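Comments concern the structure below.
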Amino acid sequence: MVKQLTKAITKQKQNKLLQFEPYDKQLAFLNAGATQRVRGFMAGNRCGKTYAGSMEGAMHLTGIYPKWWKGKRFDNPTKVWAGSDTTESTRDILQEAYMGGKLEEDWGTGAIPKENIVKTTKRQGVADAIDTIWVRHSSGGLSEITFKSYDQGRKKWQGTSRDFIQLDEEPPTDIWSEAFTRTMTTKGHIIITFTPLNGLTEICEQL
């Protein structure tokens, strides 16, 4: 009985994606993806912006969508980027949101279910930072998500096309421009989850 209960609790911790129930503003933001390719979730700190964004990212990576979902759907494996100000902030906020924590024993308790995590590679030079995760998609193929940071500079944001990009906090305009370029051929989606600390910027006006 104790073993069964422990297994049930462990499984629950590893399936936050299916447990996610967005509040009204999160739901409106997520559902807007049905018609809007670029979206912004502007709100104060601790309002669940990053959490909602990572949940959407995990849905696109896994192909697992809840019954209430009315937003964008990808039927095939996706290529995703998720980035923030620095490698450290990306590790501490986005990586934790997607994986559940820095340490390997915590992986699978975030937005991506443990059973869907196939392989990871580490980011060089930063302790406990993940570079790329390969995720099992419901279609049978593999999706991938790579964590990036704004302090890497624009050149690190160039390269291949992406299906979905999550920018956590407002990026420099050159990286914002690169995000558009990476999603042009795929008609991919870009979301930015941030607190508008810099006032009415050029990026804010575009959202």
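The values are calculated or read from the model by the stated rules, or taken from the named source; none is laboratory data. Note that the coordinates shown come from a computational prediction; the quantities given were computed from them, not determined experimentally. Here the Cβ is made from the backbone with ideal geometry for all residues, glycine too, and neighbour counts use every protein chain on show. For the accessible areas, the whole protein counts, side chains as well, though only heavy atoms, and no ligand, DNA or RNA atoms are used. Shrake-Rupley method; radii C 1.70, N 1.55, O 1.52, S 1.80 Å.
Some values worked out for this structure:
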| quantity | calculated |
| --- | --- |
| Residue list for segment 151-183, filter: among the aromatic types (Phe, Trp, Tyr) and at pLDDT 95 or above | Phe164 |
| Complete set of residues in segment 67-120 that are among the aliphatic types (A, V, I, L, M) and either crowded, with 19+ Cβ neighbours inside 10 Å or in contact (Cβ under 8 Å) with a residue 40 or more places away in the chain (or both) | Val80, Ala82, Ile93, Leu94, Ala97, Met99, Ala111, Ile112, Ile117 |
| Odd one out for Ala58 among (1) in contact (Cβ under 8 Å) with a residue 12 or more places away in the chain; (2) open to solvent by 40 Å² or more (accessible area, probe 1.4 Å); (3) more than 23 Å from Asp174 (Cβ to Cβ) | (2) |
| Residue in segment 121-132 that is open to solvent by less than 20 Å² (accessible area, probe 1.4 Å) and out of contact with any Lys or Arg (no Cβ under 9 Å at 6 or more places or on another chain) present | no |
| Flag if Lys79 is charged (D, E, K, R) and either closer than 16 Å to Gly188 by Cβ or in contact with a strand residue (DSSP E or B) (Cβ under 9 Å, 6 or more places away or on another chain) (or both) | yes |
| Filter result for the condition that a residue is assigned to a helix (DSSP H, G or I), of a type outside the set (A, V, I, L, M) and open to solvent by less than 60 Å² (accessible area, probe 1.4 Å), over Thr193, Thr181, Thr186 | Thr181 |
| Subset of segment 151-178 (residues that are open to solvent by 20 Å² or more (accessible area, probe 1.4 Å) and either within 13 Å of the chain's Cα centre (by Cα) or touching a residue at least 60 places away in the same chain (Cβ under 8 Å) (or both)) | Asp151, Gln152, Thr160, Ser161, Asp163, Glu169 |
| Checking Pro66 against (1) out of contact with any Asp or Glu (no Cβ under 9 Å at 6 or more places or on another chain); (2) at pLDDT below 95, the condition it does not meet | (1) |
| Selected residue (criterion: nearest to Ile145 (Cα to Cα)) from residues of segment 58-82 that are assigned to a helix (DSSP H, G or I) and in contact with a Phe, Trp or Tyr (Cβ under 6 Å, 6 or more places away or on another chain) | His60 |
| Listing of strands (runs of 3 or more DSSP E) fully contained in segment 110-175 that carry 2 or more residues being under 24 Å from Gly71 (Cβ atoms) | 130-136, 142-149, 164-168 |
